[in-house]
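Only one structure is covered here, and it is reproduced in the block below.
The values are calculated or read from the model by the stated rules, or taken from the named source; none is laboratory data. This structure is a prediction, so every number in the text was calculated from the model and none was measured. Don't worry about glycine lacking a Cβ; one is built from the backbone with ideal geometry, like all the others, and counts go over all protein chains shown. Note: accessible area is taken over every heavy atom of the protein model, side chains too, but ligands, DNA and RNA are not part of it. Shrake-Rupley method; radii C 1.70, N 1.55, O 1.52, S 1.80 Å.
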Amino acid sequence: MLLEDDKAYIVLNVSNTVEVVNRYTFESLGTISTGLSNPRYMVIASEKGYVSNWGDPANAEDDYIAVIDLANYSVESTIAVTEGPDKMVEENGKIYVAHLGGYNYGNSISVLNTTNNSVSTSIAVGDIPNSLFEENGKLYVLCGGKPAWTQDETIGELFIVDTAADATISSFDFPTTQHPSQMVEENGKLYYTIDNQIYSASLNFTSLPSNPFFTTSEQGVYGIYGFAVKNEKIY
């Protein structure tokens with residue numbers, strides 16, 4: 001769900017639609033029901049909506065970003081991209097698309113130019129980039145790495161990218177068996193999870209934290225499936 005002004009855009013993955021409602025009353029304002037195929041996430045840039053689409057999971061060549069006219073809630077064009085486009089962030093007329101990989105395993109970030117709705121470049125990152133955010137001209141990309149059950153386990157990595165040059169500044173490796181996910185930023189700090197552990201670091205870190213901020217083991221919980229940080233509280 002994307003919140004923008006007084007509207008909420010709700011991406012319905014299997015139903016291939018985006019429902020638009022008033023975010024305060026949940027009154028229906030419109031439905032985008034054509035031009036979407038396995039939609040994942042949405043951002044707004046240059047007064048247009050951009051929705052990542054996996055397409056047919058068996059077809060690695062049909063993935064795209066749908067460009068939506070927000071005045072009439074219709075898909076006006078599409079941008080073909082590498083397989084498995086997922087979460088996105090917008091910054092200075094550019095959209096950074098993390099290629100999770102769909103039913104496979106992605107390892108890149110596409111950079112979209114919203115002036116002409118094209119892919120301007122691609123940035124190589126680690127396997128399975130699952131979360132990203134931008135702060136002070138830097139794009140932080142967390143890559144979970146391939147899990148052990150794939151029989152081709154790879155390391156988790158954290159990349160920092162210069163958004164002016166669209167080039168990697170630095171990267172940090174996690175231990176082999178650690179697969180981080182769900183990274184967010186709040187008040188100059190980044191947070192992410194590994195299994196039942198929550199880690200925190202300042203944005204100017206020079207090495208990854210070795211010890212978790214806390215764990216959910218006291219609640220008898222192992223996996224963390226949703227995660228947010230707001231106003232000095234972790235949810």
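Limited to the range 203-221, what total is found for residues that are over 19 Å from the mean Cα position of the chain (by Cα) and either surrounded by 10 or more Cβ atoms within 10 Å (Cβ to Cβ) or at positive phi (or both)? Spell out the reasoning first.
Start the filter on the range 203-221 by keeping residues that are over 19 Å from the mean Cα position of the chain (by Cα), which leaves 204-221.
Cutting the leftovers down to either surrounded by 10 or more Cβ atoms within 10 Å (Cβ to Cβ) or at positive phi (or both) gives us 205, 208-209, 212-217, 220-221.
Qualifying residue count, the range 203-221: 11.
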Across the range 30-39, what is the number of residues that are out of contact with any Gly (no Cβ under 7 Å at 6 or more places or on another chain) and open to solvent by less than 70 Å² (accessible area, probe 1.4 Å)? 6
Which condition does K146 not pass, out of (1) open to solvent by 10 Å² or more (accessible area, probe 1.4 Å); (2) outside any loop (DSSP other than H, G, I, E, B), if it passes all the others? (2)
Among residues of the range 1-34, those that are hydroxyl-bearing (S, T, Y) and in contact (Cβ under 8 Å) with a residue 24 or more places away in the chain, counted: 3
With the checklist (1) within 17 Å of the chain's Cα centre (by Cα); (2) without any contact (Cβ under 8 Å) to a residue 60 or more places away in the chain in hand, flag the one item S74 doesn't pass. (1)
Within the range 149-176, which residues are in contact with a Phe, Trp or Tyr (Cβ under 9 Å, 6 or more places away or on another chain), over 30 Å from G93 (Cα atoms) and open to solvent by less than 50 Å² (accessible area, probe 1.4 Å)? T150, T154
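Based on this model, can you work out whether V21 counts as open to solvent by less than 30 Å² (accessible area, probe 1.4 Å), assigned to a strand (DSSP E or B), under 25 Å from G93 (Cα atoms) and not basic (K, R)?
In short, no.
Can you tell me how many residues in the range 173-198 are assigned to a strand (DSSP E or B) and under 19 Å from the mean Cα position of the chain (by Cα)? Let's see the steps before the verdict.
If we filter the range 173-198 for residues that are assigned to a strand (DSSP E or B), which is where we start, we get 173, 181-186, 189-194, 197-198.
Keeping just the survivors that are under 19 Å from the mean Cα position of the chain (by Cα) gives 181-186, 189-194, 198.
Counting residues in the range 173-198 that are assigned to a strand (DSSP E or B) and under 19 Å from the mean Cα position of the chain (by Cα) gives 13.
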List every residue pair whose Cβ atoms sit under 6 Å apart, with the two residues 6 or more apart in sequence or on different chains, where the first one lies in the range 88-113 and is closer than 18 Å to S77 by Cβ and the second, anywhere, is assigned to a loop (DSSP other than H, G, I, E, B) and open to solvent by 10 Å² or more (accessible area, probe 1.4 Å). G93/T114; S110/V81; V111/D166
Which of the residues that make up the range 9-30 are of a type in the set (A, V, I, L, M) and under 18 Å from the mean Cα position of the chain (by Cα)? I10, V11, L12, V18
Restricting the range 28-46 to residues that are closer than 14 Å to Y9 by Cβ and in a loop (DSSP other than H, G, I, E, B), the residue that is modelled with the lowest pLDDT: S33
